[in-house]
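The values are calculated or read from the model by the stated rules, or taken from the named source; none is laboratory data. Quantities reported herein were computed from a predicted structural model and do not represent experimental measurements. Ideal geometry is used to build each Cβ from the backbone, glycine not excepted, and the neighbour counts take in all protein chains shown.
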């Protein structure tokens, strides 16, 4: 008794998609009746002279290219301006600070808070808060130096620079 070939349900393919290749079972009796495929023909012969030439071999030298002749270059002198020429000055150290004048400067700048802190390494940190145009906001200015007078001098200078930018 011969069994019919197995049949499978068709594959669903969405519209616009190509159909996948399908394989069909061919009974042995029909397989012998299929036409024989012709053997693929060889490519036409190309020019044998070009086909047999090997690619050119690269030239490899185990030597670096010659260096260009050494030219003596005279270095140009570089002049660096002094800090004073650039407008940078060092804070005066060791001089006594006029605390009344310092407080007057802070009042003129609109300082709302002043704080001095002695640090463990012996230096001092001076901090002040300056009022701004926005209510509830202030600008913090802080400086640290070896002495409290130096820290206050630097802090006052920074506060005046900030107030000048603000105007």
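Do you know which residues across region 140-157 are more than 11 Å from residue 109 (Cα to Cα), without any contact (Cβ under 8 Å) to a residue 60 or more places away in the chain and either in contact with a helix residue (DSSP H, G or I) (Cβ under 8 Å, 6 or more places away or on another chain) or not in a loop (DSSP other than H, G, I, E, B) (or both)?
Of everything in region 140-157, those that are more than 11 Å from residue 109 (Cα to Cα), without any contact (Cβ under 8 Å) to a residue 60 or more places away in the chain and either in contact with a helix residue (DSSP H, G or I) (Cβ under 8 Å, 6 or more places away or on another chain) or not in a loop (DSSP other than H, G, I, E, B) (or both) turn out to be 140, 141, 142, 143, 144, 145, 148, 149, 150, 151, 152, 155.
For residue 123, state whether it is within 20 Å of residue 98 (Cβ to Cβ) and in contact with a strand residue (DSSP E or B) (Cβ under 8 Å, 6 or more places away or on another chain).
no
What number of residues within region 106-122 satisfy the criterion of being within 14 Å of residue 148 (Cα to Cα) and assigned to a strand (DSSP E or B)?
The qualifying residues number 5.
Exactly one of these conditions fails for residue 91: (1) modelled with pLDDT of 90 or more; (2) in contact with a helix residue (DSSP H, G or I) (Cβ under 7 Å, 6 or more places away or on another chain); (3) under 18 Å from residue 162 (Cβ atoms). Give me its number.
Of the numbered conditions (1) modelled with pLDDT of 90 or more; (2) in contact with a helix residue (DSSP H, G or I) (Cβ under 7 Å, 6 or more places away or on another chain); (3) under 18 Å from residue 162 (Cβ atoms), the odd one out for residue 91 is (1).
Residue under question is residue 130, and the condition is that it be part of a strand (DSSP E or B), modelled with pLDDT of 85 or more and either in contact with a strand residue (DSSP E or B) (Cβ under 7 Å, 6 or more places away or on another chain) or surrounded by 11 or more Cβ atoms within 10 Å (Cβ to Cβ) (or both); does it hold?
Against the criterion (part of a strand (DSSP E or B), modelled with pLDDT of 85 or more and either in contact with a strand residue (DSSP E or B) (Cβ under 7 Å, 6 or more places away or on another chain) or surrounded by 11 or more Cβ atoms within 10 Å (Cβ to Cβ) (or both)), residue 130 qualifies.
Quick test of your reading of the structure: residue 114 fulfils all but one of (1) surrounded by fewer than 10 Cβ atoms within 10 Å (Cβ to Cβ); (2) at pLDDT 90 or above. Name the failing condition by number.
(1)
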